[in-house]
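Engineer: Take this structure, written in structure tokens, and hold onto it; I'll ask about it next.
Computed from the coordinates by the stated procedures, all read-outs in this text should not be read as laboratory data. Remember, it's a predicted structure, so these values are computed and weren't measured experimentally. With ideal geometry, Cβ positions are generated from the backbone for all residues, glycine too; neighbour counts draw on all protein chains shown.
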Amino acid sequence: MSERTENDILVEVRDLKVHFPIKRGVLFDRVVGQVKAVDGVDLSIARGKTYGLVGESGCGKSTLGRALLQLTPPTAGEVSFDGVELTTLPSGKLRSMRRRMQMIFQDPMSSLDPRQNVESILTEGLQTHGIGADRTDRRRIIGETLDAVGLPRWALSRYPHEFSGGQRQRIGIARALVLGPELIVADEPVSALDVSIQAQVVNLLDELQDSLGLTYLVIAHDLAVVRHISDTVGVMYLGALVEEAPSDRLYTEPLHPYTRALMSAVPVPDPDVEDRRERILLAGDLPSPANPPSGCRFHTRCPWAQPTRCADERPVLRNIGASRVACHFAEQIASGELRPHGVSAQIVRPEGEGDTPGVVSAPTEPGSYV
Amino acid sequence: MALLEVEDLSVTFARRGQRAVHAVDGVSFSVDAGEVVGLVGESGCGKSVTSLAIMGLLPKQPGLSVGGKAVFDGTDLLQLDDRSRRDIRGRDIAMIFQDPLSSLNPVIPIGLQVTEVLTRHRGMKGETAAKEAAALLDRVGIPDPKRRLKEYPHQLSGGMRQRALIAMAVACQPRLLIADEPTTALDVTIQAQILELLKDLVRDSGTALLMITHDLGVVAGMCDTVNVLYGGRVVETARRRPLFRQPRHPYTVGLLGSVPRLDAGRGEKLNPIPGSVRDLLPWPDGCAFAPRCARRTDECVGEPPELVHAHDGRSYRCVNPEPLPGMVPAPREEESA
Ligand SMILES: Nc1ncnc2c1ncn2[C@@H]1O[C@H](COP(=O)(O)OP(=O)(O)OP(=O)(O)O)[C@@H](O)[C@H]1O
Ligand SMILES: Nc1ncnc2c1ncn2[C@@H]1O[C@H](COP(=O)(O)OP(=O)(O)O)[C@@H](O)[C@H]1O
Ligand code: SF4
Ligand code: SF4
Ligand SMILES: [Mg+2]
Ligand SMILES: [Mg+2]
């Protein structure tokens with residue numbers, strides 16, 4: 001780790017917001033509210049490093065990743081990539097920037113066109129961006145990319161359905177790599193894969209970073225995976241970062257109550273560790289991002305919530321040691337001065353649900369569970 | 001005697017013009033009363049088919065054949081007619097699935113679905129049944145249970161639905177609960193709630209639990225005995241601690257080397273198993289793991305390896321298992337390379 005690379009910021013996100021209108025109505029779409037999927041995120045990603053983003057489903061991870069790449073237009077905020085502000089960039093310029101920022105998706109099958117063979121999947125991007133002098137040159141680039149991701153040459157003439165999940169994810173990675181990007185946003189890159197295959201892909205991502213100097217934003221709900229590949233981890237809750245810390249610190253010294261709960265909830269494949277661990281069980285469900293709690297968004301489930309401030313004052317990210325934490329009482333909680341208390345669970349409605357069942361189909365085998 | 005004794009269970013799906021799929025190929029394991037037993041393995045290894053076969057819930061399609069035995073408390077479940085099997089299913093064995101929505105009836109309020117079980121299997125009626133239903137919802141941690149009774153499954157979150165399903169499963173006070181990936185669709189903090197609930201329920205009621213999962217962390221936290229499945233066979237059976245401390249079957253070793261650990265440092269190296277299941281299907285003759293195995297020898301092909309019962313009470317299907325430290329000084333060339 002040299003000083004230079006540590007201070008070399010490739011991506012800088014400032015107060016990024018992505019709000020989606022909630023529409024109702026039969027004839028006219030009426031906007032009845034806003035889903036605040038991302039609601040004020042600041043973060044920076046160092047060149048050649050991996051930033052991991054974790055959080056439970058619906059907390060806004062994917063939306064943040066897409067907004068960063070300008071695939072979803074941000075409602076507010078700034079994103080600068082290598083010193084260039086993307087949110088105000090004319091679309092033509094943005095298109096040529098896209099080559100430098102690529103994305104890998106969770107489900108390789110649905111992100112690959114089933115009618116295209118691997119060669120045409122890989123050639124497409126090269127042609128779009130005018131990479132490679134001629135056909136031979138493009139073939140050379142594609143060949144090198146296949147080698148890099150560990151796919152054989154005969155894969156070129158095959159179609160996505162002819163590959164296993166792990167191989168398809170390699171195709172997805174190859175499609176991103178072939179353009180020679182600097183940043184790769186990987187959204188749940190291994191969650192659809194079996195553990196033995198997951199490890200192959202995780203190692204591949206690691207090796208590619210070492211050899212190509214890539215910068216990653218890795219989005220995943222699996223904390224162990226994220227911690228394994230990340231230098232820095234950001235924890236999201238309801239559209240905002242609640243804690244950001246060097247990857248090692250997050251497990252040994254979680255500072256935000258939500259991070260503590262999250263860390264304590266992840267099962268570790270070691271009976272000795274499991275038997276010794278104290279779980280912080282959170283009460284109830286994640287509140288809806290369409291109707292987030294006031295003040296600290298975690299206060300409805302926080303075992304350390306206090307009668308003052310928590311319900312009415314939204315905590316901002318503050319530096320505490322090497323971490324950034326959004327909690328009014330982080331120091332007192334860390335020192336043990338404040339103790340956790342019981343929290344009663346509150347019911348959270350699934351989104352878009354009415355009082356009676358909408359479309360109803362008979363279950364295949366009613367009562368088959370008994 | 002074991003509460004459930006599965007012996008040489010096999011399930012084959014034959015389709016016209018295609019090679020038959022031996023989804024389950026001679027699976028044996030047992031569950032003692034009050035014990036938590038894990039069935040662990042990657043997708044397609046036969047976990048769900050095993051449990052569905054035991055419960056008699058496999059789709060009745062031409063070409064399906066089920067062999068072997070599944071003896072529950074002295075009765076072979078596979079020999080029962082549909083009616084008696086349904087009786088046992090309600091009274092003595094209950095099952096919960098990954099997706100609670102598919103096993104809850106969408107047009108019937110939760111409360112009615114729970115009281116129905118109470119009426120059918122415990123002979124409760126009216127007020128008594130409703131009271132007990134509310135108590136059950138409360139027991140599984142559903143807030144404001146009296147009001148929830150009137151609600152439909154779609155009005156509850158995924159975690160609450162899974163709780164409702166667990167309430168229904170334990171309503172008949174079964175002696176065996178089969179849970180097939182009950183937390184896979186849930187977020188990790190909700191998973192922790194549900195696993196804790198299941199642990200409490202088994203501890204308090206003495207119900208045995210057959211826990212089906214792909215997550216070794218879940219197994220480490222709650223199973224007394226673990227069965228590792230690969231290619232439709234149980235390849236290793238051991239108590240929880242010895243399995244994690246000293247796995248003997250190369251596949252178990254490979255699985256453990258593949259999972260990143262939350263408590264390990266950034267430098268931790270993963271040791272993936274090379275290749276994938278997809279490349280091998282249908283399973284090769286002999287040891288199904290052979291094409292991916294670093295300890296493969298000439299003996300591994302041809303006949304499937306016999307089940308070896310080790311002196312320490314564990315068993316594995318492997319002719320060249322991972323040696324125990326200090327016991328077998330078998331040299332391993334691959335390791336120094
Ligand atoms: N196009 C859209 N219109 C309306 N709401 C949306 C849209 N896209 C996302 N959302 C909502 O924004 C919130 C954040 O979504 P996002 O997909 O980023 O979550 P996530 O953290 O990636 O979750 P998961 O792990 O389930 O993918 C959710 O409540 C989601 O329903
Ligand atoms: N109805 C079916 N027809 C044909 N093959 C099936 C059927 N159900 C399951 N299989 C096959 O049986 C094997 C084991 O499946 P399953 O038990 O569902 O795996 P898992 O361990 O993921 O639960 C797989 O190869 C699967 O494709
Ligand atoms: S600010 Fe209050 S409610 Fe929010 S995490 Fe800190 S203690 Fe909990
Ligand atoms: S029997 Fe042979 S191929 Fe199979 S797991 Fe054991 S050593 Fe490996
Ligand atoms: Mg997502
Ligand atoms: Mg299954």
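Engineer: Would you please classify the overall shape of segment B:45-126 from the alpha carbon gyration tensor, given that a ≥ b ≥ c denote the square roots of the eigenvalues, rounded means a/c under 1.5, and beyond that prolate means a/b larger than b/c while oblate covers the rest?
Structural biologist: oblate
Engineer: With a ≥ b ≥ c taken as the square roots of the eigenvalues of the C-alpha gyration tensor of segment A:3-86, please select rounded if a/c is under 1.5 and otherwise prolate if a/b is larger than b/c or oblate if it is not?
Structural biologist: prolate
Engineer: For residue B:285 and residue B:173 in the same chain, what is the full-extension length gain: residue separation times 0.36 nm, less their Cα-Cα distance, in nm?
Structural biologist: 36.0 nm
Engineer: Students often check this: by mean Cβ neighbours within 10 Å, which of B:33-45, A:229-241 ranks highest, and how do the rest follow?
Structural biologist: Top of the packing list down: A:229-241, B:33-45.
Engineer: With +1 on the Cβ of every Lys and Arg and -1 on the Cβ of every Asp and Glu, and nothing else charged, how large is the dipole of the protein assembly as shown about its Cα centre, in debye rounded to the nearest 20?
Structural biologist: In debye, rounded to 20, the protein assembly as shown gives about 1520.
Engineer: To the nearest 0.05, what FRET efficiency results for residue B:135 and residue B:112 with a Förster distance of 22 Å applied to their C-beta separation?
Structural biologist: Efficiency computed from Cβ-Cβ geometry: 0.90.
Engineer: List the residues whose amide H sits under 5 Å from the amide H of residue B:286, counting only those 5 or more places along or on another chain, with H placed 1.01 Å from N in the peptide plane.
Structural biologist: The answer is B:302.
Engineer: Enter the angle in degrees (range 0 to 90, nearest 10) between the Cα long axis of helix B:126-139 and the first principal axis of the Cα atoms of chain B, meaning the one along which they spread out most.
Structural biologist: 40 degrees
Engineer: Continuing with the same structure: To the nearest 0.05, what FRET efficiency results for residue B:18 and residue B:308 with a Förster distance of 30 Å applied to their C-beta separation?
Structural biologist: 0.35
Engineer: Can you order the peptides B:214-221, A:286-293 by their average number of other Cβ atoms within 10 Å per residue, highest first?
Structural biologist: Ranked from most to least packed, the peptides come out as B:214-221, A:286-293.
Engineer: With the Cα gyration tensor of segment A:47-155 in hand, give its eigenvalues times 5 under a square root as the equivalent ellipsoid semi-axes, listed largest first in whole angstrom.
Structural biologist: That gives 28, 19, 13 Å for the three semi-axes.
Engineer: Over all Cα pairs of chain A, how is the pair count split among 10 Å bins, expressed in % and running from 0 up to the last occupied bin?
Structural biologist: Going out from 0 Å in 10 Å bins, chain A shows 5, 21, 29, 25, 15, 5, 0 percent.
Engineer: Here's something else I'd like to know. Taking every residue in B:268-274, how many Cβ atoms of other protein chains lie within 10 Å of its Cβ, on average?
Structural biologist: 6
Engineer: Next up: Which whole-number percentage describes the relative contact order of chain B, with Cα contacts under 8 Å and a sequence gap of 6 or more?
Structural biologist: 19 percent
Engineer: Count, for each residue of B:148-160, the Cβ atoms from other chains sitting within 10 Å of its Cβ, then give me the mean as a whole number.
Structural biologist: Whole-number average of other-chain Cβ neighbours for B:148-160 is 5.
Engineer: Given Cα pairs under 8 Å that are at least 6 residues apart, what percent is the relative contact order of segment A:117-187?
Structural biologist: Relative contact order here is 44 percent.
Engineer: Neighbour counts of other C-beta atoms within 10 Å: give me A:154, A:304 arranged from fewest to most.
Structural biologist: A:154, A:304
Engineer: Then there's this: Have a look at B:246, B:221, A:74 and report the one farthest towards the positive end of the charge dipole of the protein assembly as shown, computed about the Cα centre with Cβ charges (Lys/Arg +1, Asp/Glu -1).
Structural biologist: Toward the positive end, the furthest listed residue is A:74.
Engineer: Select from A:211, A:111, A:62 the residue whose mean-square fluctuation is largest in a Gaussian network model of chain A (Cα-Cα springs shorter than 10 Å).
Structural biologist: A:211
Engineer: Given 10 Å bins starting at zero, what is the percent of C-alpha pairs of segment B:158-300 in each, up to the one with the largest pair distance?
Structural biologist: 10, 33, 32, 20, 5, 0
Engineer: Could you calculate the FRET efficiency of residue A:120 with residue B:297 from 1/(1 + (r/R0)^6), where r is the beta carbon distance between them and R0 is 35 Å, rounded to 0.05?
Structural biologist: For R0 = 35 Å, the calculated efficiency reads 0.20.
Engineer: Give the Debye-formula value of log10 I(q)/I(0) at each listed q (0.07, 0.11 Å⁻¹), with one equal scatterer per alpha carbon of chain B, two decimals each.
Structural biologist: Here the Debye-derived log intensity ratios amount to -0.32, -0.77.
Engineer: Classify the protein assembly as shown: rounded, prolate or oblate, from the alpha-carbon gyration tensor (a ≥ b ≥ c, eigenvalue square roots; a/c under 1.5 rounded; otherwise prolate if a/b is larger than b/c)?
Structural biologist: Cα axes put the protein assembly as shown in the oblate bin.
Engineer: Relative contact order of chain A, please, whole-number percent, based on alpha carbon pairs below 8 angstrom and at least 6 residues apart.
Structural biologist: 17 percent
Engineer: Select from A:316, A:48, A:89 the residue farthest towards the positive end of the dipole of chain A; place +1 on Cβ of Lys and Arg, -1 on Cβ of Asp and Glu, and compute about the Cα centre.
Structural biologist: Result: A:89.
Engineer: Could you bin all the Cα-Cα distances of segment B:181-240 into 10 Å bins starting at 0 and give me the percent of pairs in each, rounded to whole numbers?
Structural biologist: It works out to 20, 52, 26, 2, in whole percents.
Engineer: Right, something else. List the lysines whose Cα sits under 22 Å from the Cα of residue A:61, skipping any in the same chain fewer than 8 residues away.
Structural biologist: A:17, A:36, A:49
Engineer: What's the average, rounded to a whole number, of partner chain beta-carbon atoms within 10 Å of each residue's beta-carbon in A:159-171?
Structural biologist: Mean partner shielding for this stretch: 2.
Engineer: Report the normalised scattering of segment B:88-169 as log10 I(q)/I(0) at q = 0.16 Å⁻¹, calculated by the Debye formula with identical scatterers on the alpha carbons.
Structural biologist: -0.52
Engineer: What is the magnitude of the charge dipole of chain A about its Cα centre, with +1 placed on the Cβ of each Lys and Arg, -1 on the Cβ of each Asp and Glu, and no other charges, expressed in debye to the nearest 20?
Structural biologist: It works out to roughly 960 debye.
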